[in-house]
Structures are given as C-alpha cells and as structure tokens.
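Inspection log for the structure reproduced underneath, given as structure tokens.
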Amino acid sequence: VIWSLARQKSTATEMPLLRLESDRLILRPPQQGDWEDWAKVRAANRQYLEPWEPLWPPDCLSRDFYRRRLLRQTRDWRDGRCYGFLIFRPGTADELIGGVNINNITRGAAQFASLGYWLAEKYQGRGYMHEALSLVIDYGFDQLALHRFNASCLPENNRSIALLQRLGFSEEGFARKYINIAGAWHDHILFGLNRDEWSGAPATA
Ligand SMILES: CC(C)(COP(=O)(O)OP(=O)(O)OC[C@H]1O[C@@H](n2cnc3c(N)ncnc32)[C@H](O)[C@@H]1OP(=O)(O)O)[C@@H](O)C(=O)NCCC(=O)NCCS
C-alpha cells in the first residue's frame, strides 16, 4: 500500500491530489475530466446497479449533472463531510471500474462514517472491491482518525454481505425502511467495523 505524498488541501473548485494505490488498483477523487468514462461505465452497468442504489435521476449521466455532483463532492471533501473515490485499473489509459464513498462522517464522540461502493459488473468476482475497500478503510482509520465504519445492505445483496464479512465487519442489527433504494424505502442489515478490529490492508489482494 502506497500513500501518495502529493496531497493538497481542496478548495471549493479543486479536489485534493490524493491517490491510494495497491497492487492492482488506483483510487483517487473524481475530476471533471472523468465525466465521459464515468457516464460510459455507469450507462453500461445501469441494469446491474439500479436495484442496489438510490433512484437514478433522469439526467444523471449528463455532463451538467456530473459537474454539479463534482461541485458538491469537492465541497464535501473540503468540509470533511464525505470523501468520494473512483477506482481505476492502471494501464496506458487507466480504466474506471467503480467507486467508493466514505459518507456521513460524524465527528465528536462518534468518529464514525458509512461506506458506499459499486463495481462494474464484468469486474465482479476478482477481489477488486475487497482491495479497494481495504485501501479506503486503512485511509479512514490511519489518515482520518475514524474509530468505526458502518455499512448496510439490502438483505438479498449476498455479494455485498459476503464482501463485508470478508473484510471483518460484524452484523449488528436490522433497520426497517432504512434507506431509499430504487425509489422505495427498504429494510437493511447493519454492519460495523471498529478500528481495533481492523488488521490493515493486505499487501497484495
Ligand atoms: C457488492 C460488490 C461490490 C461486490 O463485488 P465482488 O466482486 O463480489 O467483491 P470482492 O471484491 O470481495 O470479490 C470477491 C470475489 O472475488 C473472488 N476473487 C478472485 N480473485 C480474488 C483475489 N485476488 N482476491 C480476493 N478475492 C478474489 C473471490 O473468490 C470472490 O468470488 P465469489 O464471490 O464468486 O466467491 C458488487 O457486487 C457490486 O458492485 N454490486 C452492485 C452495487 C452494490 O450492491 N453495492 C453495494 C450496496 S450495499
């Protein structure tokens, strides 16, 4: 795991130059130049992702929607509210294959955050999300001084549940009509991982 030294404070229009790297992946905050690849991979995976995500607005793949989303994400980075990352397979042209978000960061006596994530369908089953989340969890505990990550899944999302369990998350509860997914309020299984339960990202996946 390599922490990039190229870090800078983000302004309202600028993301930090942060990169998290593992053997097979690069994670970094989104940039305006990612819109075309982002829209392409989201469009290609729409059917596969929609059942697990909040409702996609009608213009959600447009350049303007992306620009507004990026502005909000940049402010969130600056204010320490949420940290969004895109996931790339490195190559001559890095390939965008998914995303991870550290959401709902709560400071004070809580020091916790929740995780959201998605992967292009053709890269499922290769351990990529396990590798990406390991980097992000390391970052959250080491660099953001978080004490805990929360995550929640639809009860039928077996892949996501298995992923959280492999990462060491414990099932802690069940919340009725917890999050609006695909346009309706859905029950979720709640998972948690505390800092002292985390053994660190594996050097290789
Ligand atoms: C949830 C999601 C990210 C899980 O992806 P995933 O690829 O199953 O997760 P992992 O990265 O942990 O990969 C695990 C699989 O890779 C396999 N694998 C192959 N090579 C591997 C390697 N080098 N290291 C680890 N696992 C490897 C594992 O055996 C496992 O396969 P299996 O599930 O067939 O047994 C993906 O299904 C997804 O994006 N779903 C849609 C959106 C979504 O549900 N988001 C979460 C909402 S709560």
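The values are calculated or read from the model by the stated rules, or taken from the named source; none is laboratory data. The structure displayed is predicted, hence computed values, not measured ones. In this analysis, Cβ positions are derived from the backbone assuming ideal geometry, glycine residues included, and neighbour counts consider all displayed protein chains. The accessibility values were calculated without ligands, DNA or RNA, using every heavy atom of the protein model including side chains. Shrake-Rupley method; radii C 1.70, N 1.55, O 1.52, S 1.80 Å.
Annotations for the structure displayed:
- Identity of the residue in the stretch 17-28, open to solvent by 10 Å² or more (accessible area, probe 1.4 Å), in contact (Cβ under 8 Å) with a residue 40 or more places away in the chain and in a loop (DSSP other than H, G, I, E, B), that ends up farthest from LEU70 (Cα to Cα): ASP23
- Inter-residue pairs, beta-carbon under 6 Å, first farther than 13 Å from LYS122 by Cα and without any contact (Cβ under 8 Å) to a residue 60 or more places away in the chain and in the stretch 38-51, second surrounded by 12 or more Cβ atoms within 10 Å (Cβ to Cβ) and of a type outside the set (Ser, Thr, Tyr), 6+ apart: ALA39/LEU61; ALA43/LEU61
- Of residues in the stretch 111-161 being part of a strand (DSSP E or B) and under 16 Å from LEU86 (Cα atoms), the one most open to solvent (accessible area, probe 1.4 Å): TYR117
- Picking from residues in the stretch 109-133 that are hydrophobic (A, V, I, L, M, F, W, C) and out of contact with any helix residue (DSSP H, G or I) (no Cβ under 9 Å at 6 or more places or on another chain), the one that is nearest to the ligand (Cβ to nearest atom) is ALA132.
A quick yes/no check of all residues on (1) farther than 19 Å from GLU21 by Cα; (2) among the aliphatic types (A, V, I, L, M):
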| site | (1), (2) |
| --- | --- |
| PHE85 | no, no |
| PHE88 | no, no |
| ALA93 | no, yes |
| LEU96 | no, yes |
| ILE102 | no, yes |
| GLN111 | yes, no |
| LEU115 | no, yes |
| GLU121 | yes, no |
| TYR128 | no, no |
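- Criterion applied to ALA12, ALA44, ALA6 was being modelled with pLDDT of 95 or more and surrounded by fewer than 17 Cβ atoms within 10 Å (Cβ to Cβ), and the one residue passing it is ALA44.
- When the stretch 171-185 is filtered for residues that are open to solvent by 60 Å² or more (accessible area, probe 1.4 Å) and closer than 16 Å to LEU55 by Cα, the ones remaining, listed by number, are LYS177, TYR178, TRP185.
- Restricting attention to the stretch 29-41, the residues that are open to solvent by 50 Å² or more (accessible area, probe 1.4 Å) and not in a helix (DSSP H, G or I) total 1.
- Among (1) in contact (Cβ under 8 Å) with a residue 60 or more places away in the chain; (2) open to solvent by 20 Å² or more (accessible area, probe 1.4 Å), the one test that ASP79 misses: (1)
- ASP94 at pLDDT below 95 and within 22 Å of LEU133 (Cα to Cα): no
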